[in-house]
1. Estimate the FRET efficiency between B:ARG254 and B:GLU208 by the formula 1/(1 + (r/R0)^6), using the beta-carbon distance for r and 30 Å for R0, to the nearest 0.05.
2. Between A:GLU198 and B:ARG329, what is the FRET efficiency for a Förster distance of 30 Å, r being their Cβ-Cβ separation, to the nearest 0.05?
3. Convex hull over the Cα atoms of chain B, averaged projected area in nm²?
4. Just the C-alpha atoms of the range A:42-248: what Rg/Rh do they give, with Rh taken as the Kirkwood radius?
5. With chain B rotated onto chain A, spot the residue of B whose Cβ lies nearest the axis and note the distance in whole Å.
6. If eta is 1.567 mPa s and T is 4 °C, what Stokes-Einstein diffusion coefficient results for the range A:135-248, Kirkwood Rh from Cα pairs, in µm²/s?
7. What are the chymotrypsin sites (Phe, Trp or Tyr not before Pro) within the range A:136-186 that DSSP puts in a loop, where the Cβ has at most 13 other Cβ atoms within 10 Å?
8. With each label point set 7 Å from Cα along the Cα-Cβ vector, what nm distance links B:ARG187 and B:GLU153?
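Values quoted throughout were computed directly from the atomic coordinates according to the rules given, and no laboratory measurement underlies them. What you see is a predicted model, and the numbers here were worked out from it, not measured in a lab. Neighbour counts run over all protein chains shown; Cβ positions are idealised from the backbone, glycine included.
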There are 2 protein chains.
Amino acid sequence: MTPRPPAEIGMSLDEVDTPALIIDLDAFERNLQRLPERIAGRGVRLRPHAKTHKCPVIALQQIARGAVGVCVQKVGEAEAMVHGGVADVLVTNEIVGRQKLRRLMALAHLARLGVCADDAGQIDALAAAAAEAGVTMPVYVEVNMGGNRCGVEPGAPALALARQVADSPHLAFAGLQAYHGSAQHLRGWEERRAAIAEAIAKAGSTRELIERDGISCPVVTGAGTGSFELEAASGVYTELQCGSYIFMDADYGRNLDPDGAPTRAFEPSLFVWATVMSRPTTERAIVDAGLKALAFDSGPPVVWDEPAATYERASDEHGRLAVTGATNRLFIGDKIRLVPGHCDPTVNLYDWYVGIRGNRVEAIWPITARGAGY
Amino acid sequence: MTPRPPAEIGMSLDEVDTPALIIDLDAFERNLQRLPERIAGRGVRLRPHAKTHKCPVIALQQIARGAVGVCVQKVGEAEAMVHGGVADVLVTNEIVGRQKLRRLMALAHLARLGVCADDAGQIDALAAAAAEAGVTMPVYVEVNMGGNRCGVEPGAPALALARQVADSPHLAFAGLQAYHGSAQHLRGWEERRAAIAEAIAKAGSTRELIERDGISCPVVTGAGTGSFELEAASGVYTELQCGSYIFMDADYGRNLDPDGAPTRAFEPSLFVWATVMSRPTTERAIVDAGLKALAFDSGPPVVWDEPAATYERASDEHGRLAVTGATNRLFIGDKIRLVPGHCDPTVNLYDWYVGIRGNRVEAIWPITARGAGY
């Protein structure tokens, strides 16, 4: 069941119950603004990925700042976005199974939808579902950029699928899904530049092949928070899918800018608010946020309010901070901010964002696509 | 928001949408029955930990098989259990903050509650909250068994807190919380035996010290799925807190029995049901269950229905299976069972259990304490 929110509008931050997922609204709004500024004049469209935030309230703020719509990964996320007022949603993923395809096609009566495919049988299934629903569905062929997850190989295999889509009644070939996910977290700028240069070459030559075959390929969509300036300048990509830029996380914060310094493109705006619940020794502080309050796939959180303390070990409901004499300011009952290692799966553990301005709760936004795995 | 369930009663398993959290009801019921059988005649009580399942429907089945009540870690979990019909709930954790203490004490008007403490200031806060609510709250002193998380040191420090509780109006000293969590996953039986022997010695000598001081110490509570037979035979522990035994998980499955074989005490009954959504190459199958569908802190899931395939890498919404020629039976649209590496935080990602008997959906149970972090 959806728990009640851990806060009320007008409360001070100290009164917010823990663990809670809090947004520093000033930092968040600076991030929101900075991405469109960085790509201004490049002639590329912004379609942020809502898999990061899972919240139509945030999607509409991105659209108000120029985004053409959002991306999602799941039909349940697409439903949450469309039902929350988003008029243009691209599912950057393969959708398999009759139930899910029916739900996807039903949404196309309410909003502009799009979906990906990387298999001939799947294109047949999409065509049948679109025909049943009486809609024409834009389909993007997903191309493997080197992450070796979903996606057909570039070149001729992608052309064959594009041709099949173009020839299918009730489907419209919309372009290429060309996201290079595994390049986003390469630490050095030069490493990322080299990986994205390969993606640009693969996407560009595949688009050419398709267009030489007489099929229009209006969109090449991809890019993330770690690489978007490269795709924006490529002349190949027409649309950017950055998601994490609004929040950042400890992992993205370890990426380096071209000058070798930790990235300054965006700033942390998302925190887990936690309480010190036990101080059994001077070297040990236990907080009430563990594996059920934070994602650990990209490492432990950074202790934002007490940088000398390190989050040393998580168990299900506890986090153990290693502290030293210098950090013995952490007393039982103190509340502190933790920067999650990885924002997307951390957000998926919460039902509410608590938006903070200064020291005051200004906003409580429902994470309506939390748990929308299907 | 709570999503609708991924299944309906009477469906066949193949029709259940994915990712879903499914219970093999036959295996689950064998596990449910086996634990009380294993401790029969030992004179110890069973108080299973509901942090594993977060579901009062399951708690009541445990109680129907002889459990005296359940344990939880969070006030929100206690609320879910009491509101779901459980009459006896022990919070095996420190509860910090005025709001949470008020909620805890309010529950004591509806059910028998208990709570832990490891700090003198916290005992004062508990006493004040109990007085405000007009209840007498049973308090267990949590003792550090070697896991170095919460808990006061054994011996004199524990006695001092027991004395303070016993002398506090509105509090009743109930016993010792003596759980040795980090011993549960030591692989070899002899390692676990040695670690639990130390815990038994610490808990036993602390209880003696307290009773010599004229304070009755009726309960020593602790133990987990990896060690419960040792505590049951100890003559010191009076209550067992096993949680994972009902489901097991890949990590507990790697524990060894006294004969050196993988544990046969319980069997896997909890699975994530996933769909193969992409087969880009013969060596690669992508499923729709990644970091938002499975916990990875104890390693990747085991591919139950295709043991030759290994779950190689997770991203947020995808899992990459490494397959070989021998396992090329996995086609797009096929659904398979994955055994989670760690059951508790995996359960916390879902709103519903889908109970399967044979090939038919027999039960849909709400995970009412999912997300009950505060």
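1. Working: r = 36 Å, r/R0 = 1.20.
The pair B:ARG254/B:GLU208 has a calculated efficiency of 0.25.
2. So, using R0 = 30 Å, E works out to roughly 0.35.
3. Working: hull surface 74.7 nm².
Projected area, direction-averaged: 18.7 nm².
4. Values: Rg = 16.0 Å, Rh = 16.9 Å.
For the range A:42-248, the value is 0.95.
5. B:THR2, 3
6. Numbers: Rh = 14.3 Å.
Approximately 91 µm²/s, per Stokes-Einstein.
7. Values: sites: A:TYR140, A:PHE173, A:TYR179; in loops: A:TYR179.
Answer in residue order: no site qualifies.
8. Calculated label separation equals 3.3 nm.
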